[in-house]
Amino acid sequence: MRWKTKITEMIGCQYPIILGAFAGYDNKELTAAISKAGGVGVLTASSYETENEFRSAIHYVKNITNNPFGINFSVDTKVKPGHPYYRYLKIAKEEGIKTIITAAFKAEDLGNRIKEKDMVWIHKATTMRHAISAEKMKTDAIILTGLEGGGLKNPQQNTFLINMVNINKFLKKPIIASGGICDGKGMLAALILGAQAVHMCTAFLPTIESPIPEMWKKQIINTNCFDPEFIEKVLHFKSNRPQYTDMSMAIPNIDHFISVEELINHMISEAESLLKNLNINMDELVDFTK
Ligand SMILES: Cc1cc2nc3c(=O)[nH]c(=O)nc-3n(C[C@H](O)[C@H](O)[C@H](O)COP(=O)(O)O)c2cc1C
């Protein structure tokens, strides 16, 4: 079956599955494996201390696959013209990268440079308010991360389901769903609810190609999603300030180490068998762009 969404068309990938950034680790092997398997791997720019390291990570991925991959720029208040990201963006363009994801703070100036270079600009938001403000900029698409997700969380964040049932009301640009997605069921639910792709971080963290330490991988596999302490950490954090979590509600279906290819193939075959149960002809194109 061919998967067609506004995001697969925009990025030129086979499946509407995008890697979520995680700073502090060189994720070139993971990025290459995801793109090779038909998803969209994403290098986290802040993990590369020098321009040479950044360029050689891009070369590593390009040596493994001709499929598209992207770059994440996690932005903070220090990101202004002159910041290394501006040079990294120039390198990304020189190397033929098409897709750039900005995240965390508003990234309008960097985003305008992305558009001047004729690249795809996707901005990641954790709240509907931020997604609405990202839509007013020159973004091509927006990632909206639900409360179930990992990384930097916001007290004004809502759940995946509430985000999805409201996207068409508040947003016109293509939306990429994020937060707690780890399997074909979650991916298909997001697409049926109007998202044009899914964005996943925690589910990729314990894969064989992921660069995080084994202890962290084991912790993801062994954490019980019904543990009240875990639920409190991810869903009810007691703070009115953004707070960080190192794994998300994506963990329930992660119970052993697998390769990226196995994870993506499993997601796609699960989603396709669900569609088959609905009597959808699998030889046809399933078009989610309508
Ligand atoms: C350990 C960890 C580190 C993260 N670091 C970043 C980061 O540096 N930049 C960023 O844009 N998002 C970061 N995120 C957020 C993810 O990219 C993604 O938006 C979120 O985790 C999606 O939810 P999921 O983990 O349930 O798939 C991080 C997430 C995790 C779990």
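The rows are residues; the columns are (1) modelled with pLDDT of 95 or more; (2) surrounded by fewer than 21 Cβ atoms within 10 Å (Cβ to Cβ).
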position: N72; (1), (2): yes, no
position: Y85; (1), (2): yes, no
position: I91; (1), (2): yes, yes
position: G96; (1), (2): yes, yes
position: T99; (1), (2): yes, no
position: T102; (1), (2): yes, no
position: E108; (1), (2): no, yes
position: G111; (1), (2): yes, no
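Across region 203-225, what is the total count of residues that are under 14 Å from M249 (Cα atoms) and either touching a strand residue (DSSP E or B) at 6+ places or on another chain (Cβ under 9 Å) or among the hydrophobic types (A, V, I, L, M, F, W, C) (or both)?
6
Cβ-Cβ distance below 9 Å, separation of 6 or more or different chains: which pairs start in region 142-153 with a residue that is near the ligand (Cβ under 8 Å from one of its atoms) and end on one that is among the acidic types (D, E)?
Correct list of pairs: G150/D246; G151/D246.
Give me a count of the residues in region 21-70 that are surrounded by fewer than 16 Cβ atoms within 10 Å (Cβ to Cβ), assigned to a helix (DSSP H, G or I) and of a type in the set (V, I, T).
Result for region 21-70: 0.
For region 204-252, which residues satisfy the criterion of being touching a residue at least 60 places away in the same chain (Cβ under 8 Å), touching a helix residue (DSSP H, G or I) at 6+ places or on another chain (Cβ under 8 Å) and within 15 Å of the ligand (Cβ to nearest atom)? Write out each step before concluding.
Filtering region 204-252 for residues touching a residue at least 60 places away in the same chain (Cβ under 8 Å) gives 204-205, 207, 209-212, 234-235, 237, 239-252.
From what is left, the residues that are touching a helix residue (DSSP H, G or I) at 6+ places or on another chain (Cβ under 8 Å) are 204-205, 207, 209-211, 245-251.
Scanning region 204-252 gives F204, L205, T207, S210, P211, T245, D246, M247, S248, M249, A250, I251.
Give the residue, chosen from F54, F69, F73, that is more than 13 Å from the ligand (Cβ to nearest atom), touching a Phe, Trp or Tyr at 6+ places or on another chain (Cβ under 9 Å) and of a type in the set (F, W, Y). Talk me through it step by step, then tell me what you get.
On the way: F69 fails: touching a Phe, Trp or Tyr at 6+ places or on another chain (Cβ under 9 Å); F73 fails: more than 13 Å from the ligand (Cβ to nearest atom).
From the options F54, F69, F73, the qualifying one is F54.
The values are calculated or read from the model by the stated rules, or taken from the named source; none is laboratory data. Since we're looking at a predicted model, the values are computed, not measured. So basically every Cβ, Gly included, is an ideal-geometry build from the backbone, and we count neighbours across all protein chains shown.
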